[in-house]
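Chemist: There's a structure below that I have some questions on.
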Amino acid sequence: MNNVLRQHAEHQFAEELAELAKHDTSQRPPNWNLSPGAVVTYLIGGKLKNSFEVSPKYIGDRRLMEIAVATLTTDRALLLYGLPGTAKSWVAEHLAAAVSGNSTLLIQGTAGTGEEAIRYGWNYARLLAEGPSERALVTTPMFTAMRDGKIARIEELTRISADVQDTLITILSEKLLPIPELNTEVQAVKGFNVIATANNRDKGVNELSGALKRRFNTVILPVPASMNEEIDIVQRRVASLSRTLELPAEAPSMHELRRVVTIFRELRAGLTDDGKTKLKTPSGTMSTAEAISVVNSGLALAAYFGDGQLRAHDVAAGLVGAVVKDPVQDKVVWNEYLETVLKTREDWRDIYRACKEISL
Ligand SMILES: Nc1ncnc2c1ncn2[C@@H]1O[C@H](COP(=O)(O)OP(=O)(O)OP(=O)(O)O)[C@@H](O)[C@H]1O
Ligand SMILES: [Mg+2]
C-alpha cells in the first residue's frame, strides 16, 4: 500500500488512531471508534499521556472542531461551508476516519449526480433476468453508511440539483431509506451521520432548500487568521507532499515561505501587510490550497531543474499563474502589485525580477 499516490487518512494515520484509541478512556457514542474528545485531539494534534505525539491535521480554531464533532453526536448532519481551499474536504475526510475508521463512503456531488447515486441503483442485467431482488440492488456509500452505522460524506452538496438534494431529507430526518421495489427499507444503525461540504464562491450552485438546511448544522471554515498560522499550514502540507512524491529537494526556507504567504494574504485582503497600501484584488480566490501548490510546484522545479533549493524564480512561475486567472483584469492587478509593492521591498528584488521575466 506504500505505492499509492494518496493514502486514505485512516491508513496514513493508522498509528495515531490506534494510539488514541488505546488511551481513550472517555465515553464513546454508539459505534464510534473514538470519544469526541479524542477525535478533536486527532484533528488538532497534541501529546498523549505516554508522550506519543499526534500531528495536527486542521490548523486553526479548536472550538470549530469541537462544534463539528459535537454535531456528529446529535441527530443533525454536519455541513462544512466556506471559501475554496479552507480545508473543508480535508476536515471531512479526517473526521470520518477518526469517527468511523472509514473515510471512503464518499459521494461526489456534481450537476449530474442522480438519486441513484445517493439512494441505490440497479444492476440492469440482473434486474431483467431475475426481477427486483437484493442481488440486483446496487448499493451506494450512503446505503452502506446507514447499514453499518458509519459516516457518509457528500462533497460539494450545492452542485447537486435541488430535487436530488431533497432525497436526503428522508434519510436525515427519518434515518430511513425506503426500498419500495423490494417492499423493504434500510434503517440507519447508530453511528450513522452525514458530513457534507459546500463552497460559497463557485458559480452555478444550487441553494440548499430550507427543509434541508434545517437538518444540517453549518460550521464555517475561515481562511487562516494569521500569517504565522498560514505559513505553518503551507509548511506542513508541503513537507508531507514532497515526502510522498519523493522530491529530491530541500525543505523551503522560512524566508521563501513567508514571501509566498505574504503575497497571497495581501492580494486576498486587498491591503499590504503593514496596512498602508490598498490593493486591487484578483478574480481568483488566492486560497491557502493554492499557496501550497505554488510552493510545491516550485519545489519540483528546484528539485529537477535547479539545485534542489527553492529560489525566487522557482516560485515565480506558479505565483503568476495563481494570481492571473483572467488575462485582462488580473494582469492589471498583478502589474500594479509588482510595481507598487514588490519592487519597493529591499530583500525582495530577486522575486520582483523573476516575476517580471514571466511575460503575460
Ligand atoms: N486551516 C487549515 N489547516 C490545515 N490544512 C489546511 C488549512 N487550510 C487549508 N489547508 C490545506 O489546504 C488544502 C486544500 O484543502 P481542501 O481541499 O480541503 O479545501 P476545500 O475547502 O475542500 O476547497 P474546495 O472548496 O475547493 O473543495 C489541504 O491540503 C489542506 O491541508
Ligand atoms: Mg473540497
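Chemist: Could you please find all residues in the stretch 328-351 being out of contact with any helix residue (DSSP H, G or I) (no Cβ under 7 Å at 6 or more places or on another chain) and hydroxyl-bearing (Ser, Thr, Tyr)?
Modeler: Scanning the stretch 328-351 gives Thr340, Thr344.
Chemist: Do you know which of the residues in the stretch 42-58 that are open to solvent by 30 Å² or more (accessible area, probe 1.4 Å) and touching a residue at least 12 places away in the same chain (Cβ under 8 Å) is nearest to Pro222 (Cα to Cα)?
Modeler: Ile44
Chemist: Here are Val333, Val295: which of them is modelled with pLDDT of 95 or more, touching a Lys or Arg at 6+ places or on another chain (Cβ under 6 Å) and outside the structural domain of Pro84 (by TED's automatic domain parsing)?
Modeler: Every option except Val333 fails the conditions.
Chemist: Take Thr113 and tell me if it is in the same structural domain as Gly149 (by TED's automatic domain parsing) and either open to solvent by 40 Å² or more (accessible area, probe 1.4 Å) or out of contact with any helix residue (DSSP H, G or I) (no Cβ under 9 Å at 6 or more places or on another chain) (or both).
Modeler: So Thr113 does not fit the description; no.
Chemist: Can you confirm whether Asn31 is open to solvent by 30 Å² or more (accessible area, probe 1.4 Å) and modelled with pLDDT under 95?
Modeler: no
Chemist: Given (1) more than 18 Å from Ala198 (Cβ to Cβ); (2) surrounded by fewer than 22 Cβ atoms within 10 Å (Cβ to Cβ), identify the lone condition not met by Ser89.
Modeler: That leaves (1) as the condition not met.
Chemist: Mind checking which pairs have a first residue in the stretch 237-254 that is closer than 10 Å to Asn296 by Cα and a second that is outside any helix (DSSP H, G or I), Cβ under 6 Å, 6 or more apart or different chains?
Modeler: Listed pairs, sorted by first residue: Pro252/Leu310.
For every residue, the table says whether it meets (1) surrounded by 20 or more Cβ atoms within 10 Å (Cβ to Cβ); (2) touching a residue at least 60 places away in the same chain (Cβ under 8 Å); (3) under 19 Å from Leu247 (Cα atoms); (4) more than 27 Å from the chain's Cα centre (by Cα).
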residue: Leu267; (1), (2), (3), (4): yes, yes, no, no
residue: Gly275; (1), (2), (3), (4): no, no, no, yes
residue: Thr288; (1), (2), (3), (4): yes, yes, no, no
residue: Gly306; (1), (2), (3), (4): no, no, yes, yes
residue: Thr340; (1), (2), (3), (4): no, yes, no, yes
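Chemist: Shifting gears a bit: Just name the residue that is farthest from the chain's Cα centre (by Cα) out of those in the stretch 28-41 that are in contact (Cβ under 8 Å) with a residue 40 or more places away in the chain and assigned to a helix (DSSP H, G or I).
Modeler: Residue satisfying both the conditions and the ranking: Ala38.
Chemist: Now for a different question. Tell me whether the stretch 1-8 contains one or more residues that are at pLDDT 95 or above and over 15 Å from Val219 (Cα atoms).
Modeler: Yes: one or more hits.
Chemist: Next up: On the basis of being in the same structural domain as Ser89 (by TED's automatic domain parsing), open to solvent by 10 Å² or more (accessible area, probe 1.4 Å), within 16 Å of ligand 2 (Cβ to nearest atom) and under 23 Å from Gly191 (Cβ atoms), does Thr104 make the cut?
Modeler: yes
Chemist: Still on this structure, I have one more. Name the residues in the stretch 277-286 that are surrounded by fewer than 22 Cβ atoms within 10 Å (Cβ to Cβ) and under 27 Å from the mean Cα position of the chain (by Cα), would you?
Modeler: Thr281, Ser283, Gly284, Thr285
The values are calculated or read from the model by the stated rules, or taken from the named source; none is laboratory data. Small disclaimer: the values here were computed from a predicted structure and weren't measured. Cβ coordinates were reconstructed from backbone atoms using ideal geometry, including for glycine residues, and neighbour counts include every protein chain displayed. Heads up: the accessible areas ignore ligands, DNA and RNA and are worked out on the full protein's heavy atoms, side chains in. Shrake-Rupley method; radii C 1.70, N 1.55, O 1.52, S 1.80 Å.
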